[in-house]
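What follows is a set of notes on a single structure, which appears directly below.
The values are calculated or read from the model by the stated rules, or taken from the named source; none is laboratory data. What you see is a predicted model, and the numbers here were worked out from it, not measured in a lab. All Cβ positions, even for glycine, are placed from backbone atoms using ideal geometry, and neighbour counts span all protein chains on display. Note: accessible area is taken over every heavy atom of the protein model, side chains too, but ligands, DNA and RNA are not part of it. Shrake-Rupley method; radii C 1.70, N 1.55, O 1.52, S 1.80 Å.
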Amino acid sequence: MDLTWSPAEQAFRQEARAWLQANGPAEPLPSGDTREGFAAHLAWERTLFEARWSVVSWPARFGGRDASLWEWLIFEEEYYRAGAPQRVTQNGIFLLAPALFEFGTPDQQERVLPRMAAAQDLWAQGWSEPGAGSDLAGIISRAERDEAAGGWRLFGQKTWTTRGAFCTHLFGLFRTDPQAERHRGLTYFLVDLRAPGVQVRGFERFDGDEGFAEVFFDGAFVPDRDVLGEVDRGWSVAMATTGSERGLTLRSPGRFLAAAGRLVDLARARGAPGGLAERVAQSWIEARAYQLFTLEFLTSIVAGEQSGARSSLNKLYWSELDVRLHETAMELLGPDAEADGPWSRGFEFSLAGPIYAGTNEIQRNIVAERLLGLPRG
């Protein structure tokens, strides 16, 4: 593995760094999970798009720069290094888009990707259901064929829909063959949340953020052109999406390198008694190790290898690193930690990491069976 950057890649880094320094928000934006904050984040996302920084690795015709995956990784490092805002379009850009590039028709790509890049259409993820949780194969929301209309009627409920209260569209699985076994008979749909028969109910989390939503479907129509992949074979499309969620796109190492750097600065400013200095150093080492793992991981992807179950290993690592890093910060702050400060909010959010994108218990089973070859328990 070559750990050096080419002159072109170094120039790309300098261009990104200069632009972010000149154009990034002067003050932190409100939480993107509140209505006010979401609007402020959208304004920022559109600024990124206008300068062609929102989707750097996409083809230029969709709003990107035709950048390599290495350059995308560089941009992510510079983005977090600059302290730029959270990407509220991430469910579309980082999760749905890779599946669209792999499984989408040319018509779907031309219709969906440019509007996604421009933050005109905003995508929520429709996986979880009240009775399914992390068991994605256990969903019961269904789609019934409407032959006369040339499409499908959706029925059921999705829950824990991140920023669903503010989004315009949803992607997710629905059961199209109720007689099929668990992983079969599922179809992946692209749904307009403004369609008749869709009801979105936002609800507040304990921290007061209001972006989460439950989404109810009562005969909402989806045309055939908005089926992603093949009918009854949506599981493979969903696995590509969850692979992106667990793998590189959702949690690039730049996020953790920046957080570890802030943790070191906090320890220097406040002191780190009672073994906390070792924990600070360990967090920095683990963030750096994740960066090196990512470089090796990306090397294999560029060489044409599939990420497969390694994305589960990746998710285990970054989610637990995030918790440990923020726990150390909270102990450094002690009683001075603000209830609504950046470290406190980061700590609260880190606790969700072992749950979303598939619980870590599920990921350990995948790693044990598919990477280590251990028998089922």
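Do you know which of the residues in segment 268-281 that are assigned to a helix (DSSP H, G or I) and in contact (Cβ under 8 Å) with a residue 40 or more places away in the chain is nearest to residue 258 (Cα to Cα)? Going through the qualifying residues, I end up with 280. The residues of segment 1-24 that are open to solvent by 50 Å² or more (accessible area, probe 1.4 Å), of a type in the set (S, T, N, Q) and outside any helix (DSSP H, G or I) amount to a single one, 4.
When the residues of segment 57-89 are narrowed to those that are of a type in the set (Ser, Thr, Tyr) and open to solvent by 20 Å² or more (accessible area, probe 1.4 Å), which ends up nearest to residue 43 (Cα to Cα)?
Just the residues of segment 57-89 that are of a type in the set (Ser, Thr, Tyr), to begin with: 57, 68, 79-80, 89.
Pick out the ones that are also open to solvent by 20 Å² or more (accessible area, probe 1.4 Å) and you get 57, 68, 80.
Numbers: 57: 21, 68: 26, 80: 18 Å.
Across segment 57-89, the extreme among qualifying residues is 80.
From the list 264, 302, which one is open to solvent by less than 40 Å² (accessible area, probe 1.4 Å), over 21 Å from residue 354 (Cβ atoms) and not acidic (Asp, Glu)?
Details: 302 fails: open to solvent by less than 40 Å² (accessible area, probe 1.4 Å).
Residue meeting the stated conditions: 264.
Mind telling me which of the residues 151, 138, 92 ends up being within 19 Å of residue 236 (Cα to Cα) and buried (at least 17 other Cβ atoms within 10 Å of the Cβ)? Give the steps one after another, and end with the answer.
Values: 151 fails: within 19 Å of residue 236 (Cα to Cα); 138 fails: buried (at least 17 other Cβ atoms within 10 Å of the Cβ).
Result: 92 is the single residue among 151, 138, 92 that is within 19 Å of residue 236 (Cα to Cα) and buried (at least 17 other Cβ atoms within 10 Å of the Cβ).
Would you say residue 27 is over 29 Å from residue 228 (Cα atoms), acidic (Asp, Glu) and outside any helix (DSSP H, G or I)? Yes; evaluated as a whole, the condition is true for this residue.
Got at least one residue in segment 173-187 being under 25 Å from the mean Cα position of the chain (by Cα), open to solvent by less than 80 Å² (accessible area, probe 1.4 Å), within 16 Å of residue 223 (Cβ to Cβ) and not hydrophobic (A, V, I, L, M, F, W, C)? Yes, some residue in segment 173-187 is under 25 Å from the mean Cα position of the chain (by Cα), open to solvent by less than 80 Å² (accessible area, probe 1.4 Å), within 16 Å of residue 223 (Cβ to Cβ) and not hydrophobic (A, V, I, L, M, F, W, C). Restricting segment 282-299 to residues that are open to solvent by less than 50 Å² (accessible area, probe 1.4 Å) and among the aliphatic types (A, V, I, L, M), the residue that is nearest to residue 95 (Cα to Cα) is 298. Tell me whether segment 197-212 contains one or more residues that are in contact with a Pro (Cβ under 9 Å, 6 or more places away or on another chain) and not in a loop (DSSP other than H, G, I, E, B). Checking segment 197-212: not a single residue is in contact with a Pro (Cβ under 9 Å, 6 or more places away or on another chain) and not in a loop (DSSP other than H, G, I, E, B). Contact annotation: residue pairs with Cβ atoms under 6 Å, 6 or more positions apart or on different chains, pairing a residue in segment 338-354 that is acidic (Asp, Glu) with a partner that is assigned to a loop (DSSP other than H, G, I, E, B) and open to solvent by 40 Å² or more (accessible area, probe 1.4 Å), are 348/207.
Listed here are the residues, each with its yes/no results for (1) open to solvent by less than 20 Å² (accessible area, probe 1.4 Å); (2) of a type in the set (A, V, I, L, M, F, W, C).
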| residue | (1), (2) |
| --- | --- |
| 312 | yes, no |
| 328 | yes, no |
| 339 | no, yes |
| 345 | no, no |
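Within segment 42-50, none of the residues are open to solvent by less than 10 Å² (accessible area, probe 1.4 Å), at pLDDT 95 or above and touching an Asp or Glu at 6+ places or on another chain (Cβ under 9 Å). Among the residues of segment 127-165, the one identified as under 30 Å from residue 40 (Cα atoms), among the basic types (Lys, Arg) and assigned to a strand (DSSP E or B) is 158.
Matching residues to (1) among the aliphatic types (A, V, I, L, M); (2) over 20 Å from residue 68 (Cβ atoms):
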{"residue": "254", "(1), (2)": "no, no"}
{"residue": "259", "(1), (2)": "yes, yes"}
{"residue": "262", "(1), (2)": "no, yes"}
{"residue": "278", "(1), (2)": "no, yes"}
{"residue": "283", "(1), (2)": "no, yes"}
{"residue": "289", "(1), (2)": "yes, yes"}
{"residue": "297", "(1), (2)": "no, no"}
{"residue": "322", "(1), (2)": "no, yes"}
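Within segment 349-365, is there a residue that is touching a Gly at 6+ places or on another chain (Cβ under 7 Å), modelled with pLDDT of 90 or more and either closer than 30 Å to residue 4 by Cβ or loosely packed, with under 13 Cβ neighbours inside 10 Å (or both)? So far as segment 349-365 goes, no, none of its residues is touching a Gly at 6+ places or on another chain (Cβ under 7 Å), modelled with pLDDT of 90 or more and either closer than 30 Å to residue 4 by Cβ or loosely packed, with under 13 Cβ neighbours inside 10 Å (or both).
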